[in-house]
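Bear in mind that the values in this text are calculations on the coordinates, not laboratory data. Owing to the predicted nature of the structure, the values given are computational and were not obtained by experimental measurement. Cβ coordinates were reconstructed from backbone atoms using ideal geometry, including for glycine residues, and neighbour counts include every protein chain displayed.
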Amino acid sequence: MYPEDAKKTFVLKGIGASPGIVTGKAYLYDRLDSLISFYTLSDMALVESEIKRFQNAVAKSEKELLEVKDKLSNIGGIEPSYIMDVHIMILNDGAFINSTIQFIKDMYVNAEWAIRMTVDKYRDIFDKVEDDYLRKRFNDIQYIAQMILRNLSGKKRRSVEELELGKGVIIIAQDLSPADTAQMKFDQVLGFATDVGGKTSHTAIVARSIEIPAVVGLKTLTRMVHTNDEMIVDGTSGVVIINPDPDILRRYEEKRRLEREGKTEYLKYAQLPAVTLDNYRVEIGGNIEFCEEIPTALTNGAEGIGLFRTEYIYINREELPSEEDHLASYRRVVGVEGLAWSTIRTFDLGGDKFFSDSKLSKEMNPQMGLRAIRFCLREVDLFKVQLRAILRTSFFGKTKLLFPMISGIEEIREAKRILNEVKKELEGAKIPIDDDIEIGIMIEVPSAVIVADELAKEADFFSIGTNDLIQYALAIDRINDRVNYLYEPLHPAVLRLIKQVVDVGHSAGIPVAMCGEMAGDPVCTMILLGLELDELSMHPLAIPKVKKIIRGSTLKESKELLTKVMSLRSSVEIRAYVEAFMKERFPHDIPEIDQ
Ligand code: PEP
Ligand code: MG
């Protein structure tokens, strides 16, 4: 999953300024600071010529602004060109210009330095302004300064238009002025991400008006990203991921596909229960990686969080997260109004993600290496920090605890033993928890299916992770394109494995959920109904369509379909049969499959 040469992954959270998801290469746009030099002027004659140089740059900037305003009016939407008016006003108003000239005269400094001083003076004034909107208008002063500085430097206006961007880039900047954005060829700009800004900043306004995903207010972004870095901009949740690992990249590609797929058409099913025509009810959960995805999960009809992948709490930092860091994250998920439960999965990574030293040597085959529960059982102190936080969270709302990669009974017993130790410590410290927190086992290693009857005695529920279960059962690296054609959820072996887990779980009296991608695949929905899974947890964006299919099916016909399919011998036959069946049954809802 994490190739040796993978660059470090960072996740930054900002403000989702323009919705939508995009993945692509970063392009780091110029920064104001790089343009500022400092020198003193030795006599009055030089001061005079410096003022002249400055005034020429101002005149040039005004000309540019008028040109840009013209261009912007073609984009549509009145806001961007209104912003240009504000900029032209600042130039014409004189205060900014006069202040800069005064600094040159009084202090014998070059124009660039004088501009910097004027900007600082304005910053002091704006910092004191209470009104948020007005305070942010300081950005306008900065844009003007930046523009004059560029013209002073004699640099040509560098625009994305002039760059060979190939298939498009994500523009990274401290901030972007409308003048910057007006230069861009929008078909080459996939998204924006900036250090500063809020929902009303210019980048946000322009991004919304041209419908390009944007996240602003990321603070340290420009210091962490380099041109050509791979990145994801999720403008819906306000999350940016730099150098995402292949797994998360794949998940976001899927989210993107779902977003593109006529969401409004299905959204009317989002808030309805997932109940079949003959009254069989399935619980629907949402899979999330970040708390910021909760609003999307709710709007799309998640009844609970069926899988909170907690990995990113660890990845995104130099230091290990503290118990309070964990708690802060979980508290934003658990007990949220509208969510009946939240299943928090303990982390599912290899140790290389948090120990950069040689404590853990690089593994040849990390997917099958010292990761997930195996790693936790080795690094108990680190594991306990997460368990304490999850237990503390459980006091505030229905929380379920899920252990990944369990391959046999020893692992779950050991995990529970450690959990009980942590419970006792918390009780001793009189910290309230939910004493009956449900414990779940992810069924994603084939051996866990085989000994599921034993595992069922140790757990309150199962959750089938088909992504890994398929990978391990069929021996296909789930991120290796060359064997991707073999990745088949409808493989008879996979169906038999799932059936076995559900049957064993039910005869032991525990519910069985599914939280792998298969749970959100509409082609598989009736098969999963036939298998009688109790909960399906999926990308939030997949929920409305799956609900529609469930509400349009009966358990009876789903079981008949399953019986038929279980009698077929190959995955090719099953795939063809199920797809044909589903296309006939739901002609408008099953996408064309491009193999
Ligand atoms: C799975 O393996 O199906 C699963 C849900 O976990 P992840 O995709 O995070 O490995
Ligand atoms: Mg998994």
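Side notes on the structure shown:
- In this calculation the C-beta distance from residue 247 to residue 92 is compared with R0 = 45 Å, giving a FRET efficiency of 0.25.
- For a label point 7 Å along the Cα-to-beta-carbon line of residue 454, residues of the stretch 492-517 with backbone N under 20 Å: 497-498, 500-510
- Cα-projected label distance for residue 123 with residue 325, points at 7 Å along beta-carbon direction, nm: 2.8
- In sequence order, calculated HN-Hα J values of the stretch 335-344 (Karplus, 6.51, -1.76, 1.60; Hz; x Gly/Pro): x, 5, 4, x, 10, 7, 7, 9, 9, 9
- Taking label positions 7 Å along the Cα-Cβ direction at both residue 82 and residue 421, the computed distance is 6.1 nm, reported to one decimal.
- Look at 39, 27 and count the other Cβ atoms within 10 Å of each Cβ; fewest to most, that gives 39, 27.
- Potential lengthening between residue 414 and residue 380 on full extension [0.36 nm per residue; Cα-Cα distance subtracted]: 11.2 nm
- Extension gain (nm, one decimal) between residue 499 and residue 131, 0.36 nm per residue minus Cα-Cα: 126.5 nm
- FRET efficiency, residue 584 to residue 67 (Cβ-Cβ, R0 51 Å, nearest 0.05): 0.30
- Fraction of beta bridges assigned by DSSP in the chain that are antiparallel (%, nearest 5): 35
- Sequence-distant residues sharing a close amide H with residue 17 (under 5 Å, placed H): 214, 215, 216
- Taken along the Cα-to-beta-carbon direction at a fixed 7 Å, the label points for residue 398 and residue 8 span 4.1 nm.
- With neighbours defined as other Cβ atoms within 10 Å of a residue's Cβ, the residues 531, 218 order from fewest to most as 531, 218.
- The DSSP beta bridges internal to the stretch 270-585 are antiparallel in roughly 5% of cases.
- The calculated FRET efficiency for residue 570 paired with residue 431, based on their beta-carbon distance and R0 = 60 Å, is about 0.65.
- Stretch gain in nm, segment residue 560-residue 340, where the contour uses 0.36 nm per residue and the Cα spacing is subtracted: 76.0 nm
- Among 403, 192, the order by Cβ neighbours within 10 angstrom, fewest to most, reads 403, 192.
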